[in-house]
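Take a look at the structure set out below.
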Amino acid sequence: MHVLARFARDYYAESRRLRPTEVVREYERTILDELDLMREAANASQLRRNFQDSDLLYVPEVHWDLCRDNVMVMERIHGVLISELPELRRLGTNIQRLAENGVQIFFTQVFRHNFFHADMHPGNIFVRVEDPENPLYAAVDFGIVGTLDSRDQHYLAENFLAFFDRDYNRVARLHIDSGWVPPGTRVDELESAVRTVCEPIFQKPLSEISFAQVLLRLFETARRFQMEVQPQLILLQKTLLQIEGLGRLANRIVGDDIFGRGANANARGRGPGE
């Protein structure tokens, strides 16, 4: 992968904006870190401490005396895999609360703790339903976690706020100020391009939105404005896509009613779970 990345960088001008060598280095670091189970145990311990006594997320306790570089021993937990839709339905789980809590967990990890579980596929997420009206997430597999530097954290938070306020001029200025696009970029042109991609999202319920198509259009916009890939944000982008998948699982349980109203309400600036 390193050889291919260098080849792309040296012989394909378009790839330089994608920063292939930096992306491969980031990928290599993530994989090597994931193979160290003492590091994973430390990640689990940190995440458990961050959510100690939380009613949102439960993290198993690590048994440190039994852990080694290639062995990790932690508390056994019980729950229903979030992908087991019929069982969650049978148990009377409050799916709307579960969905809202999932969003809150994500933003808490990224913007309050600056330490987020970056492998949130359905196989790693359980639901504890001792109290179906107040379901509790439980997570496993902490080999991949992410952090952001304060500058990226700030610009991301500002971008989220501007996006949900549909302030596309602010989104454009933030991209220029952060250095994610060249400094000579015209604000009005970038604003128009962002509006073209994002405005249709606010007119549809979640079930009709293809985030894959949105991403493709954003990539096209990025190419037009010479926007560079930010390797330090790759784990966060991966996590966002996984969370979208979890949201769609919940949507399949209760239909479009909850998420459709929520998406349209948020387009007006207020909505469930705000």
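Data table
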| item | result |
| --- | --- |
| Output for the range 167-186, where each listed residue is in contact (Cβ under 8 Å) with a residue 40 or more places away in the chain and not in a loop (DSSP other than H, G, I, E, B) | HIS175 |
| Criterion violated by ALA157 - all others in (1) among the aliphatic types (A, V, I, L, M); (2) at pLDDT 90 or above; (3) more than 16 Å from PRO60 (Cα to Cα) satisfied | (2) |
| Hits in the range 25-56 (condition: in contact with a Lys or Arg (Cβ under 9 Å, 6 or more places away or on another chain) and either buried (at least 16 other Cβ atoms within 10 Å of the Cβ) or at pLDDT below 95 (or both)) | ASP33, LEU37, ASN50 |
| Set ALA138, ALA99: member being crowded, with 20+ Cβ neighbours inside 10 Å, outside the structural domain of LEU241 (by TED's automatic domain parsing) and among the small types (Gly, Ala, Ser) | ALA99 |
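Each row is one residue, and each column tells you yes or no for (1) out of contact with any Ser or Thr (no Cβ under 8 Å at 6 or more places or on another chain); (2) of a type in the set (D, E, K, R); (3) over 30 Å from ASN94 (Cα atoms).
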| site | (1), (2), (3) |
| --- | --- |
| GLU40 | yes, yes, yes |
| LEU47 | yes, no, no |
| ASP53 | yes, yes, no |
| LEU56 | no, no, no |
| PRO60 | yes, no, no |
| ARG68 | yes, yes, yes |
| VAL71 | yes, no, yes |
| GLU75 | yes, yes, no |
| HIS78 | yes, no, no |
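The rows are residues; the columns are (1) of a type in the set (Asp, Glu); (2) under 19 Å from PRO135 (Cβ atoms).
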| position | (1), (2) |
| --- | --- |
| LEU18 | no, no |
| THR30 | no, no |
| TRP64 | no, no |
| ASN70 | no, no |
| ARG76 | no, no |
| GLY79 | no, yes |
| GLU84 | yes, yes |
| GLY92 | no, yes |
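Conditions (1) in contact (Cβ under 8 Å) with a residue 24 or more places away in the chain; (2) hydrophobic (A, V, I, L, M, F, W, C), marked per residue:
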position	(1), (2)
HIS78	yes, no
ILE82	yes, yes
LEU85	yes, yes
ARG89	yes, no
VAL103	yes, yes
PHE116	yes, yes
ALA138	yes, yes
GLU158	no, no
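The values are calculated or read from the model by the stated rules, or taken from the named source; none is laboratory data. Remember, predicted model here, so these are calculated numbers, not experimental data. Don't worry about glycine lacking a Cβ; one is built from the backbone with ideal geometry, like all the others, and counts go over all protein chains shown.
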